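The values are calculated or read from the model by the stated rules, or taken from the named source; none is laboratory data. Since the structure is predicted, the reported quantities are computational estimates derived from the model, not experimental observations. Note: ideal-geometry Cβ built from the backbone for every residue, glycine included; neighbour counts use all protein chains shown.
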Amino acid sequence: MQSKTPNDVWTVDHKGSWRARNGERCEPLTVRDAFSRFVLEAKIGCRTTKDVKAAFEVLFRRYGRPSTIQVDNGTPFVAVTARGGLSSLSAWWVSLGIKLVRSRPACPQDNGGHERMHGDIAQAVEVSPAETSADQPRALSRWRQEFNHVRPHQALGGKTPAEVYKPKDRKLRAQPRPYVYASHWRVAHVGKNGVIKVQGEFYFVSESLAGRYVGLEPIGGLTWRIWFYEYDLGTINLVTSNAFDNIDYLSSKFRKTVNQLERVSA
């Protein structure tokens, strides 16, 4: 994805793992500004949603928030079986006003710059692993310092990433942005088990959205489209009291038509 300014797009991934000399696994979370090539983070031990979210909270406070985050289809960035592919982590990003871009499945070239940066880590750090995974962050920190501040990049006109990158003056909001849905839509709260309740009926939406609100847009008949902010999450069929009224009305019209035909036939 093309970026025009620093913090326009951040690319995010987990680098393929390697083993420390004692056999412990090292698999760093890596975050990179696409425009400047500046590596914002390369951190061991961030595999869970909780750990990755904590790492991003620090990054947002330090650098501001990007307009877009680009990820592959791995966890915890994406939940491929959930509506819209949103995981609880990416739903949090969306709630903060960050656009989510997913690379195509099995297409690492969609995030080619990030993959090349991973290759640099492999040549500079992975090739000489530390004694333990706890020792590995120091080597990653040295590599990141050199990559960002020492080594000029031809694509940057001979400048280093640190010379091009500028943090964004944008404070992290404590709460997600307000939900703004059209006045004629229904708004439903997603329970902890991923369901919404509409006029006494329960409908499963997504566990990734537990605790959040979705908008339900009527698009005809019993079909409603689900929105999470500006993200289209597909459709569901709602059986509402209005729907039952419509069914009763149509049934009565059908019965009247049948009776009329019976009288004509007689």
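If you check Val125, Val101, Val94 for being of a type in the set (Val, Ile, Thr) and outside any helix (DSSP H, G or I), only one passes: Val101. Within the stretch 64-107, restricting attention to residues that are in contact with a Pro (Cβ under 8 Å, 6 or more places away or on another chain) and small (Gly, Ala, Ser), the residue that is farthest from Gly211 (Cα to Cα) is Gly64.
Which of the residues that make up the stretch 51-64 are out of contact with any strand residue (DSSP E or B) (no Cβ under 9 Å at 6 or more places or on another chain) and surrounded by 15 or more Cβ atoms within 10 Å (Cβ to Cβ)?
Going through the stretch 51-64, the residues out of contact with any strand residue (DSSP E or B) (no Cβ under 9 Å at 6 or more places or on another chain) turn out to be 53-54, 57, 60-61, 64.
Matches in the stretch 51-64: Lys53, Phe60, Gly64.
Among residues of the stretch 4-24 being of a type in the set (Gly, Ala, Ser) and under 22 Å from Phe56 (Cα atoms), the one that is surrounded by the fewest Cβ atoms within 10 Å (Cβ to Cβ) is Gly16. Of the strands (runs of 3 or more DSSP E) entirely within the stretch 1-56, those holding at least 3 residues that are closer than 20 Å to Ala155 by Cβ and of a type outside the set (A, V, I, L, M, F, W, C) occupy 29-33.
Sort out for me the strands (runs of 3 or more DSSP E) sitting completely within the stretch 173-223 that have 1 or more residues that are assigned by TED's automatic domain parsing to the domain that holds Gly85. Break it down into steps so the answer makes sense when it comes.
Working: elements: 186-189, 195-198, 201-204, 213-220.
Qualifying strands (runs of 3 or more DSSP E): none found.
Go through the stretch 105-126 and count every residue that is among the β-branched types (Val, Ile, Thr) and over 13 Å from Gly16 (Cα atoms). So that I can check it myself, show each step before the final result.
Looking only at the stretch 105-126, we keep the residues that are among the β-branched types (Val, Ile, Thr), and these are 121, 125.
Next, only the ones that are over 13 Å from Gly16 (Cα atoms) stay: none.
Total satisfying the criteria: 0.
Within the stretch 225-266, restricting attention to residues that are closer than 28 Å to Gly84 by Cβ and more than 23 Å from the chain's Cα centre (by Cα), the residue that is modelled with the lowest pLDDT is Ala243.
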